[in-house]
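The values are calculated or read from the model by the stated rules, or taken from the named source; none is laboratory data. The shown structure was predicted, so the numbers you read here are calculated from the model rather than taken from an experiment. Counting neighbours? That spans all protein chains shown, and the Cβs are built from the backbone with ideal geometry, glycine included.
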Amino acid sequence: MKRGAIAILPLAFGAAVYGFAFGLLAAQVGFPWWGVGLMSVSVHAGSSQIVAVEQLASTGTVLGAVLAAAALNLRYVGIIASLSDVLDGLSLRAKLLAIHVTGDENWALTMAERAKSPDVGAAFLLGSGFVMISVWTVSTTAGAVIGAALPDLERFGLGFAFTAAFIAMARGLWRGRSQALPWVVAAAATVAVVSFGLPKAYGIVTGALCGLAVRALLRRMKAVIA
């Protein structure tokens, strides 16, 4: 676990920066610091939290926020499936804990290290995951505490922090031109739904599902050709 905890530190520092920005803006739209902290430790999904808070702030609808957040987390179905060998042999409680602390950063790092050294396993994933969830929770809560005491940050253009943080996370998910088509389809579907005047949450859900469908189709076609 110590190895994973140390290896994830550079990525944890980056997460702390946009976690703090998220906390600032969440406080500005009315979220209490304890609510931000509770969300961070229980949800532990930066992109979903950003979208959920933005949806609640702009529309006030809980269902829309939940749908949007859930759509963004659909990728974790594939992420958790890829960890089947890593989690093999753990108790159910340990598996659930490992799944909860798994995020994009420590999953990618664990898989990269495992490719180099097969002995990297659940301990590495858990160690890196504990660091990430701790840093994320502390940084978002600190941001919310400070944000509640500051004047309206929108006057300084800091409302863009939501968008900037999401763009940064989306860039981290980019894996090259081979994924361009699903991204384009997802974006087009989202824009199409929103252009018809439907809630943005529906656009996010539709875009996510369309992108996943195209990705699955491309994989099947590649398997048939091979």
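Data table
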quantity	calculated
Residue within region 40-61 that is out of contact with any strand residue (DSSP E or B) (no Cβ under 8 Å at 6 or more places or on another chain), more than 16 Å from THR102 (Cα to Cα) and not in a helix (DSSP H, G or I) present	yes
Residues within region 96-123 that are surrounded by 15 or more Cβ atoms within 10 Å (Cβ to Cβ) and more than 23 Å from GLN49 (Cα to Cα), tallied	8
Counted residues, region 210-226 - those being within 23 Å of LEU63 (Cα to Cα) and surrounded by fewer than 14 Cβ atoms within 10 Å (Cβ to Cβ)	0
Checking SER134 against (1) of a type in the set (Gly, Ala, Ser); (2) closer than 12 Å to ALA12 by Cα; (3) in contact (Cβ under 8 Å) with a residue 60 or more places away in the chain, the condition it does not meet	(3)
Residue match in region 132-148 (condition: at pLDDT below 85, surrounded by fewer than 16 Cβ atoms within 10 Å (Cβ to Cβ) and either assigned to a helix (DSSP H, G or I) or in the same structural domain as VAL43 (by TED's automatic domain parsing) (or both))	no
Criterion (out of contact with any strand residue (DSSP E or B) (no Cβ under 9 Å at 6 or more places or on another chain) and either modelled with pLDDT under 70 or farther than 16 Å from ALA69 by Cα (or both)) met by exactly one of ALA208, ALA161, ALA186	ALA161
Neighbours by Cβ (under 7 Å, 6+ apart or cross-chain): first from region 93-118, farther than 15 Å from ILE80 by Cα; second part of a helix (DSSP H, G or I) and among the aromatic types (Phe, Trp, Tyr)	GLU113/PHE124
Yes/no for GLY14 being under 20 Å from VAL138 (Cβ atoms) and not assigned by TED's automatic domain parsing to the domain that holds VAL205	yes
Some residue of region 38-47 being outside the structural domain of ALA216 (by TED's automatic domain parsing) and in contact with a Leu (Cβ under 9 Å, 6 or more places away or on another chain)	yes
So VAL194, is it surrounded by 14 or more Cβ atoms within 10 Å (Cβ to Cβ), at pLDDT 80 or above and in a helix (DSSP H, G or I)	yes
Single match in GLY19, GLY4, GLY89 (criterion: farther than 18 Å from GLY143 by Cβ, part of a helix (DSSP H, G or I) and not hydrophobic (A, V, I, L, M, F, W, C))	GLY4
